[in-house]
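The values are calculated or read from the model by the stated rules, or taken from the named source; none is laboratory data. These figures come from a predicted structure and were not determined experimentally. Neighbour counts run over all protein chains shown; Cβ positions are idealised from the backbone, glycine included.
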Amino acid sequence: MLRAKAQIGEGPVWDARSQRLYWVDIPAQQLHVFNPADGTNATYTCPDIVTSVSPRAGDGVLLTLRRSFAFFDEKTGGVQTIAEVEPGMPGNRFNDGKTDRRGRHWAGTMGDVDWNHPIGNLYRFGADRNPVRVEEKIRCSNGIAWSPDDRTMYFCESFAYVIHAYDFDAERGEIANRRTFAKVDDASFPDGITVDAEGFVWCGQPVFGRIVRYDPAGRIERIIELPVSRGTSVMFGGPDLSTLYVTTMRTTLDERQLAEEPLAGCVLAIRPGVKGLAETPFAG
């Protein structure tokens, strides 16, 4: 576990090459790099909110900022804007994102204030550095993950309270045949997700303070209760990918709740008895 006080910890990604966990604190404009081997956590301040991260196949990492894709250099701290989206929608911002196994980064937008309105879009961003809109009219884009056979993409639409499933064409990077994979009680919402080696989907569900594991048919297989109410996202890591890291948040909690949840804002580590899948670096 990493003791931290993240306002909104999100977007954990395990880099198998360096054996480190990348994660972000969105409103704090911070990229974090946690090394479980020695307990260190490097923190970098970005020029705007940072919403998702992906190590690159070469040096550096890819970030999504408010409405842009950018490259970040850990050695120099330099940020280079590569492409921008939605210039005519100043009320929108990026939210979650994830890189597929062909090295393309998928990231979705949401209304920064009108967060439950269908004004978000989903983009695919490949090595050609050209954002392509692949879905629209989304009520808060959130977690993205792919089945082990790469034939299904899962995508959380938080304030439609649903995890969608799509047929996924891995070669072309195209999605089709959207359908409901799982519904979430509207007292909570589906946040960050990942898929394990058995093809089960793990989903953070804030407010309920739980992580839910769904089988490939969308049935709840287990529920893990957290020591905090706002667990936001999940990612398998560690040398054998058997540790489930969970980012959490402090925003929306009052002083009484924060006193009752001393681990709010930390990165939790759970050993659930199953292993994850290795993440792929961004190809560009």
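Among what's in region 171-187 and is surrounded by fewer than 19 Cβ atoms within 10 Å (Cβ to Cβ) and in contact with a strand residue (DSSP E or B) (Cβ under 8 Å, 6 or more places away or on another chain), pick the residue that is farthest from Thr280 (Cα to Cα). Explain how you work it out, then say what you get.
Within region 171-187, the subset surrounded by fewer than 19 Cβ atoms within 10 Å (Cβ to Cβ) is 171-174, 176-180, 183, 185-187.
Among the residues that remain, those that are also in contact with a strand residue (DSSP E or B) (Cβ under 8 Å, 6 or more places away or on another chain) are: 173-174, 176-180, 183.
On the way: Gly173: 15, Glu174: 18, Ala176: 22, Asn177: 25, Arg178: 24, Arg179: 26, Thr180: 26, Lys183: 28 Å.
Result: Lys183.
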Applying the selection to region 117-154, what residues are polar (S, T, N, Q) and surrounded by fewer than 24 Cβ atoms within 10 Å (Cβ to Cβ)? Asn121, Asn130, Ser147, Thr152
In region 199-222, what count of residues is obtained for those that are modelled with pLDDT under 95 and of a type in the set (Asp, Glu)? 0
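Residues checked against (1) crowded, with 18+ Cβ neighbours inside 10 Å; (2) among the aromatic types (Phe, Trp, Tyr); (3) in contact with a His (Cβ under 6 Å, 6 or more places away or on another chain); (4) in a strand (DSSP E or B):
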position: Ser233; (1), (2), (3), (4): yes, no, no, yes
position: Leu241; (1), (2), (3), (4): yes, no, no, no
position: Thr252; (1), (2), (3), (4): no, no, no, no
position: Gln257; (1), (2), (3), (4): no, no, no, no
position: Leu268; (1), (2), (3), (4): yes, no, no, yes
Residues satisfying the stated conditions in region 28-78, i.e. surrounded by 19 or more Cβ atoms within 10 Å (Cβ to Cβ), among the β-branched types (Val, Ile, Thr) and in a strand (DSSP E or B): Val33, Val53, Val61, Thr64
Across (1) crowded, with 22+ Cβ neighbours inside 10 Å; (2) in contact with an Asp or Glu (Cβ under 7 Å, 6 or more places away or on another chain), Arg213 clears everything bar (1)
As an exercise: evaluate Ser18 against (1) out of contact with any Phe, Trp or Tyr (no Cβ under 7 Å at 6 or more places or on another chain); (2) of a type outside the set (Asp, Glu); (3) within 18 Å of Gly120 (Cβ to Cβ); (4) modelled with pLDDT of 95 or more and give the number of the one condition it does not meet. (3)
Quick one: would you say Tyr123 is in a strand (DSSP E or B), more than 23 Å from Val61 (Cα to Cα) and at pLDDT 95 or above? no
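Would region 271-278 turn up any residue that is more than 29 Å from Pro131 (Cβ to Cβ), modelled with pLDDT of 95 or more and in a strand (DSSP E or B)?
Within region 271-278 (the criterion being more than 29 Å from Pro131 (Cβ to Cβ), modelled with pLDDT of 95 or more and in a strand (DSSP E or B)), the answer is no, since none of the residues qualifies.
Here's the yes/no breakdown for (1) under 30 Å from Ala170 (Cβ atoms); (2) touching a helix residue (DSSP H, G or I) at 6+ places or on another chain (Cβ under 6 Å); (3) of a type in the set (Ser, Thr, Tyr); (4) touching a residue at least 12 places away in the same chain (Cβ under 8 Å):
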site: Ser233; (1), (2), (3), (4): yes, no, yes, yes
site: Gly237; (1), (2), (3), (4): yes, no, no, yes
site: Asp240; (1), (2), (3), (4): yes, no, no, yes
site: Thr243; (1), (2), (3), (4): yes, no, yes, yes
site: Val246; (1), (2), (3), (4): yes, no, no, yes
site: Leu253; (1), (2), (3), (4): no, no, no, yes
site: Leu258; (1), (2), (3), (4): no, no, no, no
site: Leu268; (1), (2), (3), (4): no, no, no, yes
